[in-house]
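Written below as structure tokens is the structure these notes are about.
Read the figures in this text as sums done on the coordinates, not as results from a lab. From a predicted model like this one, the values you see are computed outputs, not experimental measurements. All Cβ positions, glycine included, derive from the backbone under ideal geometry; neighbour counts span all protein chains shown.
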Amino acid sequence: MVISLKVFSLVLLFSQIIFAFQSEQQLRKNFSEATQNDFEIVKDYVNQRPVARGGETFWLVHVKPKRSGHYALKYSFKFTHKFSHPEEGENELYIRVGEKNCKRYNDNNYGLSNICLGDTVIVPIRIDQRVGHQFSLKSTYQDGGNIGKTESKRSPNVTEILPAINQLDKHLKYLGTVRSVMPHRNYGAETVTYTAYFEAKEPGRFNFTTTTIADNEKISETKELNPLDAFPIIILKPETSITALVYHENTINYSDNKRFSGHAGNNFLTKLLILQPGGIFSVEYSRYVKREGFDKKIPLPEKLTDDKNRKLVMYKLPFVVNKDWSYNEWLIDYLPRK
């Protein structure tokens with residue numbers, strides 16, 4: 001009896017492996033048929049995220065684009081729960097491909113919204129509790145020189161230039177600061193934010209953070225700061241190819257034979273800035289709320305007063321990427337070499 005149970009367990013395990021292999025084969029076949037005119041599959045594998053970060057299972061496909069343009073990759077599927085609600089759905093992922101050596105545009109510092117010819121892009125396909133994946137690809141071919149051009153050359157409307165102490169003068173140029181005021185609905189209150197803009201200069205890799213100090217304050221020593229609290233930045237030579245991750249997907253889930261639907265969006269966020277000389281990015285370094293009359297009764301601490309009267313300090317820290325932050329784990333093994 002013990003032997004038969006062991007045999008049964010081995011047969012069950014073997015059948016699960018065969019099923020998973022056949023499922024991946026079918027996924028690869030369906031994906032390739034829909035995309036082979038525009039993308040070349042480099043590699044693919046199944047990845048299950050840690051339970052602490054959702055525990056979802058993805059089929060990750062690494063592809064290289066064959067031409068520049070705008071692409072919308074859609075895949076439909078059915079949920080596997082017997083009483084599932086919703087019953088089926090579709091996801092659409094967007095890929096913009098510029099010319100070789102193009103300017104890559106960082107979307108809010110948490111991902112790339114376009115890549116260049118020669119780059120590899122990771123396409124995440126959700127497969128847990130889903131079957132029957134069918135793929136389709138919409139293409140709008142366009143001169144690669146125009147893709148991302150507006151964003152990559154966007155210049156900030158700088159409102160002031162703060163005195164600055166820049167430990168990264170070789171790699172980053174401080175362009176200036178934008179002060180924004182957002183009124184609240186309740187009269188007399190407003191949120192004040194300060195955002196500094198920087199331009200990448202020479203290639204290098206480091207973690208970057210910034211703060212402000214008053215004239216009577218001392219600059220914190222770099223060893224007192226935690227690199228994981230800062231932004232990892234890689235500045236590359238323009239001809240360097242990279243591996244990037246699709247940034248955004250739209251989701252529609254259907255129920256009751258498609259009579260009801262729910263719409264949602266998801267960003268595959270990564271805390272890593274990949275730049276080239278000339279690339280511009282921004283960092284918000286101060287935010288506080290002001291209330292009319294309140295400041296006179298209880299003065300704000302010095303660090304929460306207008307930052308135009310303070311110095312901006314930029315710190316260079318050792319380069320390190322937090323593998324456990326959001327979707328960083330998918331890129332950690334594919335970072336450009338030094």
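Protection proxy ranking of 241-248, 258-265, by the mean of other Cβ atoms within 10 Å over each peptide's residues and highest first, is 241-248, 258-265.
Peptide packing for 226-234, 118-126 was compared via the average number of neighbouring C-beta atoms within 10 Å per residue; ordered from the highest value, the list is 118-126, 226-234.
Let me check against my output: what whole-number percent is the relative contact order of the stretch 159-258, with C-alpha pairs under 8 Å and at least 6 apart?
Rounded, it is 22 percent for the stretch 159-258.
Going down the table (K138/K323; K64/K170; K237/K323; K100/K323), which pairs top 27 Å between alpha carbons? Result: K138/K323; K64/K170; K100/K323 exceed 27 Å.
Quick check: from the Cα gyration tensor, does the stretch 205-272 come out rounded (a/c under 1.5), prolate or oblate?
Details: a/c = 4.72, a/b = 2.10, b/c = 2.25.
In terms of gyration-tensor shape, oblate.
For a quick check: sort W325, W59 by the number of other beta carbons within 10 angstrom, fewest at the front.
W325, W59
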